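Notes follow once the structure below has been shown.
The values are calculated or read from the model by the stated rules, or taken from the named source; none is laboratory data. None of the values given here were measured: they were computed from a predicted structure. Neighbour counts run over all protein chains shown; Cβ positions are idealised from the backbone, glycine included. Ligands, DNA and RNA are stripped out before the accessible areas are found, and what is left, the full protein with its side chains, is counted by its heavy atoms. Shrake-Rupley method; radii C 1.70, N 1.55, O 1.52, S 1.80 Å.
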Amino acid sequence: MFGWFKKKSTTPFVPSPSSIVPRIKTNEFTAVLKSVHATPDEFPIIEPFVGNLLVTYAFDLPSAFIMATESEIKQLGVRLEDVRRLALSNVQQRCPKIEIHHHGPIRQIVLGENMEACMLLVDEFWDQASQEVEGEIVVSVPSRSVVVYCESQSPDGIIALRAVAEQVMQRESTHCLTDQLLVRRDGSWAEFND
């Protein structure tokens, strides 16, 4: 439906429940949909997340991410209340190995397949990571493929997160998310203000 989500293959593929994945977007995504006069039936499922970030869902096809509408999800026999759980399970199937790369005071999540930002939705990962840091976890998610984090007790880490966000957002034009840092607090995300 929307050509901005092209990937690199031309293999034909039919959407199925196993192809549904979450996508992290910004409020700008909704504004773009309105600007192209998308009808309510064409709007993908959109859930508020944190700050200016949203969660939406797409079919991960070989040649593109095709945003999933409520009616398309229902046609596949998937209940709307089950979409997030199913989508996260599909990400785990596609990206079974989570790599953590250490860069001084910060850590970078590496999954591949442009799915890194979706890790914000995996509570179990963040519950475990929270046990390994001093204070709270602070995260930068400047694009769909860049997620870095540090402990809130690390001034150098916070500076490094902000620098990564600035560099990535200057470099990327299509898939930028936010330069607002997030903090993991009481099992959910909030905007970080230091």
Q. Which aspartates and glutamates, on any chain, are close to Lys34 with Cα under 12 Å apart, when same-chain ones fewer than 8 places away are left out?
A. Glu42
Q.
Counting pairwise Cα distances across the range 7-87, what percent come out greater than 14 angstrom?
A. 62
Q) For the chain, what is the charge dipole size about the Cα centre, in debye to the nearest 20, if Lys and Arg each add +1 at the Cβ and Asp and Glu each add -1 at the Cβ? A) 760
Q: Given the options Val14, Val133, Val147, state which has the largest fluctuation in a GNM of the chain using a 10 Å cut-off (strictly under) for Cα springs.
A: Val14
Q | Projected label distance in nm at Phe43 and Met169, using a 7 Å step from Cα toward the beta-carbon | A | 2.6
Q: For the range 62-194, count the residues as N, evaluate 2.2 N^0.38 Å, and divide the Cα radius of gyration by that value, please.
A: 1.13
Q) What is the range 40-184's relative contact order, in percent, from Cα pairs under 8 angstrom and six or more apart in sequence? A) 17
Q. How much mean residue ellipticity at 222 nm does the chain get from its helices, if each DSSP H run of length 4 or more adds -39500 (n - 2.57) and you divide by all residues, to the nearest 500 deg cm²/dmol?
A. -8000 deg cm²/dmol
Q) Given springs between every Cα pair under 10 Å in a Gaussian network model of the chain, which of Cys118, Cys150, Cys95 has the largest fluctuation? A) Cys95
Q) What length, rounded to one decimal in nm, is gained on full extension from Gln153 through to His103, with 0.36 nm per residue of separation minus their alpha-carbon distance? A) 16.4 nm
Q.
Show me the ranking of peptides 63-69, 18-24, 152-158 by mean Cβ neighbours inside 10 Å, starting with the highest.
A. 18-24, 63-69, 152-158
**Q.** Accessible-area ranking of Ile98, Ile137, largest first, probe 1.4 Å
**A.** Ile98, Ile137
